[in-house]
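Below is one structure; the comments refer to it alone.
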C-alpha cells in the first residue's frame, strides 16, 4: 500500500509541473480518427493496442493519446460503465485484509473489466495493489506502464481548472478515477456545462484549494447522441 501512495504523490507532483509549463493540448479527434484507421500509419490502432497490451516501454505520449482517444472509433467502445464486475471488485477490495483467494478474485474481476474497457483505471489500480502485496515486481511494472499511458494521455489535454482547459476523457467513469491520481476526493457535485459537453466535479477539501475539476466528455456525448441518446 505504501508503494501505491508514493506513486500517487509522485504523479501529483509531475502533474503540477506539467500544468505550470502548460504542457497540454486538446486532442484533434478528426486527425486521430484518420490516423488510427489508416493501415500505413504508425498510429494504426491494432499496432498501438498491441504495444499497450505488451506494456511496451517505448510507447510515446503521442501514441498514448492516439491509443486512448482512438478507442472511440473502435467497435468495442462503449462510453457507459455499468459492468457488474465493478461492484464485485469493490466488495473484495473493501476487505480489511486479503488472502490468496482474494488476490485471485481481484485479478479475475480486474481482467474482466479490462476486457470491457482496456483503460479502466480502477481495474489497473486493483492489479497494482495485488502485485505490490505479492512483491511481483515484473507484473507491477507492466501494469504501472499501462496506467501511466492512460493517465498521461488524459493530463496532456488540459489542466482541468476551467471549462476551456478541461481534461478530455472518453468515459465519464474516468473522471472519477482520475481524482485520486490528481490528489483529490469527490465533493458531491457533478454538473454539465457548455452545452453538456463539459462536466465538472466538485472536490473535497484539499491542500491546493481547488474547488472543482473540469472534464471534456465530447466523445461520450457524440457517441450517445449518434445512437439516439441514453445514459452516459
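Of the helices (runs of 4 or more DSSP H) lying entirely inside the range 40-96, those containing at least 3 residues that are under 16 Å from the mean Cα position of the chain (by Cα), at pLDDT 95 or above and buried (at least 19 other Cβ atoms within 10 Å of the Cβ) are 61-70.
This table checks each residue for (1) crowded, with 20+ Cβ neighbours inside 10 Å; (2) in contact (Cβ under 8 Å) with a residue 24 or more places away in the chain; (3) in contact with a strand residue (DSSP E or B) (Cβ under 6 Å, 6 or more places away or on another chain); (4) not in a helix (DSSP H, G or I).
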{"site": "98", "(1), (2), (3), (4)": "no, yes, no, yes"}
{"site": "101", "(1), (2), (3), (4)": "no, no, no, no"}
{"site": "104", "(1), (2), (3), (4)": "no, no, no, no"}
{"site": "107", "(1), (2), (3), (4)": "no, no, no, no"}
{"site": "119", "(1), (2), (3), (4)": "yes, yes, no, yes"}
{"site": "123", "(1), (2), (3), (4)": "yes, yes, no, no"}
{"site": "138", "(1), (2), (3), (4)": "no, no, no, no"}
{"site": "147", "(1), (2), (3), (4)": "yes, yes, no, no"}
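Take the conditions (1) farther than 16 Å from residue 26 by Cα; (2) outside any loop (DSSP other than H, G, I, E, B); (3) touching a helix residue (DSSP H, G or I) at 6+ places or on another chain (Cβ under 6 Å); (4) at pLDDT below 95; residue 232 misses just one of them, which is (2). Suppose we keep only residues that are modelled with pLDDT under 95 and surrounded by 17 or more Cβ atoms within 10 Å (Cβ to Cβ) within the range 181-196. Which one would you say is farthest from residue 29 (Cα to Cα)? Checked the range 181-196; the qualifying residue farthest from residue 29 (Cα to Cα) is 183. If you check residue 114 against the conditions, is it under 14 Å from the mean Cα position of the chain (by Cα), closer than 15 Å to residue 55 by Cα and free of Cβ contacts under 8 Å to residues at least 24 places away in the same chain? Here the answer is yes, as residue 114 does meet what is asked.
The values are calculated or read from the model by the stated rules, or taken from the named source; none is laboratory data. Quick caveat: nothing in here was measured; it's all calculated off a predicted structure. Because the Cβ atoms are built from the backbone with ideal geometry, glycine has one as well, and the counts that use them run over all protein chains shown.
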